[in-house]
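Only the coordinates and a few stated rules stand behind these numbers; no lab work does. Small disclaimer: the values here were computed from a predicted structure and weren't measured. Here the Cβ positions follow ideal geometry from the backbone for every residue, glycine too, while neighbour counts run over all protein chains shown.
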Amino acid sequence: VFDEDKDGKINFGEFSKLWKYWLKQILKPVTALIIVDVQNDFINGSLALKHCPAGQDGDCVISPINNMLTEVPFDVVIYSIDWHPSNHISFHDNRTLRPFHLESQECKEDVDLFDTVIFDGPPQTKQVLWPRHCVQESHGAQLHPDLKILEKGYQVYKGTNPEIDSYSAFWDNNKLSQTELCDILVKHSVTDVYVCGLAYDICVGYTATHSTEHGFRTTLIDNASKGVSMDGINQMKQSLIKKGVVIADSYQVKDMV
Ligand code: VGL
Ligand code: ZN
């Protein structure tokens, strides 16, 4: 069955090809790639990651993602899109619209960008106050023009309810309502979910968390994800690993799918 080269050694390339073929026949994995929030505002707009504490460049995720889209035969591809109404609760400049108190007992004149507050309930809702970003129909909310958009890909909108933020592409932050993402995956009998995009420690991390909680074998693609803060990224990684999520690079994914 195996080719031998001129020294009589077995050609493991051929072996590995056959082995992967049979594994696929037996296990029949159905794979989905979820590309989280690769939108202008997170790359060169109001919430550009390069100006966040970790100083990472959101731009860097585009080429590994485009490479995977051409080279890896995912069965299903999903683009999630952060899509906020103008009066969204997460915008710092909307902070006078709803009563809240600071999470810390700190006393100050006004709250700053990136402060964490608790909005009065019910239910009480913890929220980081972000700069205005990804407003519905705005340029900042568009997927980055260099990202390859597959015609067969699904686009899932999140954060559309003005009263609650939605970091995950599955659930809102209070876990009260779901997007259509889980239904799409179930309809295609997906077994294995690969997650990448922006931001690692926020929307990518929570999407991977909920994916594994839903029972999908879940892999986060490390080199195709960039984040807000180094501490946040490291904590998110530890939490994901504890929940059984695999952390891999895009060149490894080519051998997994
Ligand atoms: C995100 C902050 C606010 C993200 C979305 O996509 O990671 N971060 N909204
Ligand atoms: Zn947002």
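Which entries in the list Lys226/Lys254; Lys126/Lys226; Lys187/Lys226; Lys158/Lys187; Lys152/Lys226; Lys20/Lys254 go over 22 Å, if you measure between the two C-alpha atoms of each? Could you put the intermediate results ahead of the total?
Details: Lys226/Lys254 20 Å; Lys126/Lys226 24 Å; Lys187/Lys226 30 Å; Lys158/Lys187 20 Å; Lys152/Lys226 25 Å; Lys20/Lys254 12 Å.
Beyond 22 Å between Cα atoms: Lys126/Lys226; Lys187/Lys226; Lys152/Lys226.
If you stretched the chain out fully between Gln25 and Ile149, how much longer would it get, using 0.36 nm times the residue separation minus the C-alpha to C-alpha distance? Before the final figure, lay out each step's value.
Details: separation 124, 0.36 × 124 = 44.64 nm, distance 2.93 nm.
In short, 41.7 nm is gained.
How long are the semi-axes of the equivalent ellipsoid of the range 193-257, taking √(5λ) for every eigenvalue λ of the Cα gyration tensor, in whole Å from largest down? Display every interim value, and only then the final one.
Details: eigenvalues 56, 39, 18 Å².
Computed over the range 193-257, the values are 17, 14, 10 Å.
Note down the Stokes-Einstein diffusion coefficient of the range 130-257 in µm²/s, whole number, using a Kirkwood radius over alpha carbon pairs, 10 °C, and 1.306 mPa s.
Details: Rh = 15.6 Å.
Estimated diffusion coefficient is 102 µm²/s.
Give me the Å³ per residue figure for the convex hull around the C-alpha atoms of the range 6-62. Could the numbers behind the result be given before it?
Numbers: hull volume 9.1 nm³, N = 57.
In the range 6-62, the Cα hull volume divided by residue count equals 159 Å³.
Taking a quarter of the surface of the convex hull around the Cα atoms of the range 8-147, what do you get in nm²? Don't skip to the answer; put the middle values down first.
Values: hull surface 56.4 nm².
Its average projected convex-hull area is 14.1 nm².
Given q = 0.11 Å⁻¹, what are the Debye log10 I(q)/I(0) values for the range 70-142, with equal point scatterers placed on the Cα positions and solvent ignored?
Per q value, in the given order, log10 I(q)/I(0) is -0.40.
Can you give me the pair-distance distribution of the range 66-112, C-alpha pairs, 5 Å bins, whole percents?
For the range 66-112, the binned pair fractions read 4, 13, 17, 13, 9, 7, 8, 9, 9, 8, 2 percent.
What list do you get for Thr125, Thr160 if you sort them by fewest beta carbons within 10 Å?
On the way: Thr125 19, Thr160 16.
Placing the least packed residue first, the sequence is Thr160, Thr125.
Listing Lys17, Lys254 from the residue with the fewest other Cβ atoms within 10 Å to the one with the most, what is the order? Spell out each step's value before the answer.
Values: Lys17 10, Lys254 13.
Fewest-to-most Cβ neighbours within 10 Å comes out as Lys17, Lys254.
Stretched out fully, how many nm does the piece from Gln124 to Cys60 gain, at 0.36 nm a residue minus the Cα gap? Please list the in-between numbers first.
Values: separation 64, 0.36 × 64 = 23.04 nm, distance 3.66 nm.
Working it through step by step, the gained length comes to 19.4 nm.
How high is the FRET efficiency from Leu176 to Thr70, r the C-beta distance, R0 35 Å, rounded to 0.05?
Details: r = 38 Å, r/R0 = 1.09.
Here the calculated transfer efficiency is 0.35.
Give the Cα extents of the chain along the principal axes, in whole Å, largest first.
Rounded to whole Å, the extents work out to 79, 35, 35 Å.
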